[in-house]
Structure formats: structure tokens, C-alpha cells
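Data block below; observations after.
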Amino acid sequence: VMGAVKHLFHRKGKILVAKDQISEDDLLALVLDAGAEDMIVHPDNYEILTDPHHLEAVHKALEAKDIKPESAEAAFFPLTPLSITDEKTARNVLALIDALEDSDDVQNVYSSCDIPDEILEKVQATTA
């Protein structure tokens, strides 16, 4: 049923920017001034989170500084992430997500699962 679990998620704008384009401090100042809510630092990029209504303004502020985002989209994020620390359960969840994404009838898949990096690495090592 479409939207049956929508109440478990909130919609946010998400923009990814490669780290080699700008320093963390400069980017944080720029996006907060443009209306962003938060910025998460990942090993290769920055993840900028916005109210979905401010996504375009933050995106335009980046482009005005010649910063080309890797992606910019409105997405659904879980209100209460579900931590999965069991390798077998993680493998099953990831297999289900892959199967759903491969379906021609599915446009987007959002999950409330939070799988720690060490579990993800184990699962990916045995499936590679």
C-alpha cells in the first residue's frame, strides 16, 4: 500500500558535495546562511540536510560559488532508525532492499535500518 509507513519518516533535502571542492568551515558557513539545517562529514563528501522547501536555495548558493554537488534531492529519513547489529539480519535486509530496487514497479526505496559500518563491511566482503 503506497504511503502505508510514511508516518515513520520525515522528508528532508539532501545535497552531497565532494570534499575536494571546498573546506568544511567555508561550506558550513555558506550552506547555513542559505538555509541548511545540518551538515554531516563523510570520508569522501559532505552531506547537507535542509528543509525540503530550502533545497533549491541551498543548491543555488552552492552553484553561485561554482560548487557542483554530486547529487541534490528530497528524500525520506527515518524518525526512529532501527539498528541492525546481526550480520545475518543485515544480509537479509540488504537483499530485500536490492530486490525492491530492481523491481520495475518501484521508484524509490527508503529504509529505517541503521547498519553499522563493521557489519556492512562483513556483509560486503562475503558477497563480493
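No value in this document is a laboratory result; all are computed from the given coordinates. Predicted model, so just to flag it, every value in this text is computed and none were measured. Every residue, glycine among them, receives a Cβ derived from its backbone with ideal geometry; neighbour counts consider all protein chains shown.
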Before rounding to the nearest 500, sum -39500 (n - 2.57) across all DSSP H runs of length at least 4 in the chain and divide by the residue total; then give [θ] at 222 nm in deg cm²/dmol. -11500 deg cm²/dmol
Nearest-0.05 FRET efficiency for D44 and A4 at R0 = 41 Å, using Cβ-Cβ distance, is 0.75
From the backbone phi of the range 98-109, what are the Karplus-calculated ³J(HN,Hα) couplings (6.51 cos²θ - 1.76 cosθ + 1.60, θ = phi - 60°) in whole Hz, Gly and Pro given as x? 4, 5, 5, 5, 6, 6, 5, 8, 9, 8, 9, 10
Where a Cα-Cα gap under 24 Å defines reach, which lysines qualify for K122, not counting those fewer than 8 residues away within the same chain? K88
Enumerate the amide H contacts of C113 below 5 Å, restricted to partners 5 or more residues apart or on another chain; note that Pro and chain-start residues carry no placed amide H. L82
Euclidean distance of C-alpha centroids, the range 96-128 and the range 16-71, integer Å: 26
Apply the Karplus parameterisation 6.51 cos²θ - 1.76 cosθ + 1.60, with θ equal to phi minus 60°, to every residue of the range 24-37 and state each ³J(HN,Hα) to the nearest whole Hz, in sequence, with x for glycine and proline. 4, 5, 5, 5, 4, 4, 4, 6, 5, 4, 8, x, 5, 9
Compute the normalised compactness of the chain: alpha-carbon radius of gyration over 2.2 N^0.38 Å, N being the residue count. 1.20
The range 47-124, relative contact order [Cα under 8 Å, separation at least 6], %: 32
